[in-house]
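The values are calculated or read from the model by the stated rules, or taken from the named source; none is laboratory data. Note that the structure is predicted; figures quoted are calculated from it, not measured. All Cβ positions, glycine included, derive from the backbone under ideal geometry; neighbour counts span all protein chains shown.
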Amino acid sequence: MSPGPAKAFDPEEALEHARDVFWRCGYDGTAISELEAEMGIGRKSLYDTFGSKRALYLRALEQYTDSVIGRICRGLADPRSGPLQNLERVLEKLQRHHGSGDSHGCLLGVAIAQADPDDVELADLLRGYLARLETAFERNIRSGQAAGVIDPDARAKDLARNLVALTQGMALMGRVTETATLPRSAVRAALHALRA
């Protein structure tokens, strides 16, 4: 049996466009017609390739978190510099982005804010993404404690959860904040609290 005709569009590129629509408008605020227009494909191609609007949304979330959380994890574990420098660089980069005045926030944070609490499948996925971020921060903090640059008496897991809350809070604030002052001062306070 032949595999059928090749798609006339790049599914990964179409997925990126869908991700951007969900990022701007949220799941409920996104219409199928808007997805079709942004993705440059018809409804039949959208459903044949991605299954449904919900399946497309979950794929877009997965693509986003793999990219963004992956970048954060690599930044926190960069072997070319120490753990505290890595953490400072990651937080300051996020602060600059979300304090720029034109941030859409974080797609993960938008999904969390808009999630139906009864949607168990989505809640499990979102918790998993947050846990991955928390684990990356915790590893970085433990490395910093071992190196003597982060308070050795602090509970690494608690500090990591605080950093997850900070990054998600900055991202949501970035959707409406026109100045970098608030996220910058929050990053400064978090870094000050970590130092040994």
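Quick notes
- Selection of the range 25-76 for residues being in contact with a Ser or Thr (Cβ under 8 Å, 6 or more places away or on another chain) and in a loop (DSSP other than H, G, I, E, B) yields only I41.
- Contact map, the range 173-196: first residue over 22 Å from N140 (Cβ atoms), second residue at pLDDT 85 or above and in a helix (DSSP H, G or I), Cβ cut-off under 7 Å, separation 6 or more or different chains; pairs are A180/Q95.
- Given (1) over 15 Å from the mean Cα position of the chain (by Cα); (2) at pLDDT below 90, number of the condition L94 does not satisfy: (1)
- Residue satisfying condition, being touching a Cys at 6+ places or on another chain (Cβ under 8 Å), of a type outside the set (A, V, I, L, M) and under 30 Å from G26 (Cβ atoms), within set R132, R127: R132
- Test: residue in the range 67-81 that is surrounded by 14 or more Cβ atoms within 10 Å (Cβ to Cβ), within 30 Å of S33 (Cβ to Cβ) and of a type outside the set (G, A, S): yes
- Total residues in the range 135-160, condition in a helix (DSSP H, G or I) and either crowded, with 16+ Cβ neighbours inside 10 Å or not charged (D, E, K, R) (or both): 15
- Matching residues in the range 182-196 - criterion: being modelled with pLDDT of 80 or more and part of a helix (DSSP H, G or I): S185, A186, V187, R188, A189, A190, L191, H192, A193, L194
- Count of residues meeting criterion [out of contact with any helix residue (DSSP H, G or I) (no Cβ under 8 Å at 6 or more places or on another chain) and either at pLDDT 95 or above or hydroxyl-bearing (S, T, Y) (or both)] in the range 58-70: 1
- Candidate set from the range 109-124 (those that are acidic (D, E) and part of a loop (DSSP other than H, G, I, E, B)); member that is nearest to G26 (Cα to Cα): D116
- Scanning the range 172-181 for residues that are surrounded by 12 or more Cβ atoms within 10 Å (Cβ to Cβ) and in a helix (DSSP H, G or I) turns up at least one hit.
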